[in-house]
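First up is the structure itself, then whatever we jot down about it.
What follows is calculated from the coordinates using simple rules that are stated; it is not laboratory data. Owing to the predicted nature of the structure, the values given are computational and were not obtained by experimental measurement. Cβ coordinates were reconstructed from backbone atoms using ideal geometry, including for glycine residues, and neighbour counts include every protein chain displayed.
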Amino acid sequence: MTHFFLCSLIHYGVLGGGLIVDGDSVTYKTTKLTVEKKYKNLRLDRSEIDNITWHWSVFPVATFFMKNGEKYKFLIFNKWRFMKVYQE
């Protein structure tokens, strides 16, 4: 099943968009014109996600640590629902 979450990628500022979570990946999508092409449709394969940590900055911020050393920060507006869906 596919689930959609409102979020913002934190990369040189806050970039609004959405996260799509399914059984294989977490994908960030945005239609912002000023965003680098890499981030317009950023797919994070679940098998490549090493860890996710959380901290609060008015809203919950998730940091995705990838096995290749990269990391991505997302402000996710519904942490509890995201965690439930992601852990299924």
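For the range 42-76, filtering for residues that are of a type in the set (A, V, I, L, M, F, W, C) and touching a His at 6+ places or on another chain (Cβ under 8 Å) leaves 1. Applying the criterion of being hydrophobic (A, V, I, L, M, F, W, C) and under 16 Å from Leu19 (Cα atoms) to the residues of the range 55-64, the residue that is surrounded by the fewest Cβ atoms within 10 Å (Cβ to Cβ) is Phe59.
When you scan the range 1-12, how many residues do you find that are under 18 Å from Gln87 (Cα atoms) and either in a loop (DSSP other than H, G, I, E, B) or of a type in the set (Lys, Arg) (or both)? Residues that pass the stated criteria total 2. Residues in the range 13-45 that are within 11 Å of the chain's Cα centre (by Cα) and not in a strand (DSSP E or B): Tyr39 only. In the range 59-79, the residue that is farthest from the chain's Cα centre (by Cα) out of those that are without any contact (Cβ under 8 Å) to a residue 12 or more places away in the chain and either closer than 13 Å to Ser8 by Cα or not in a loop (DSSP other than H, G, I, E, B) (or both) is Lys71.
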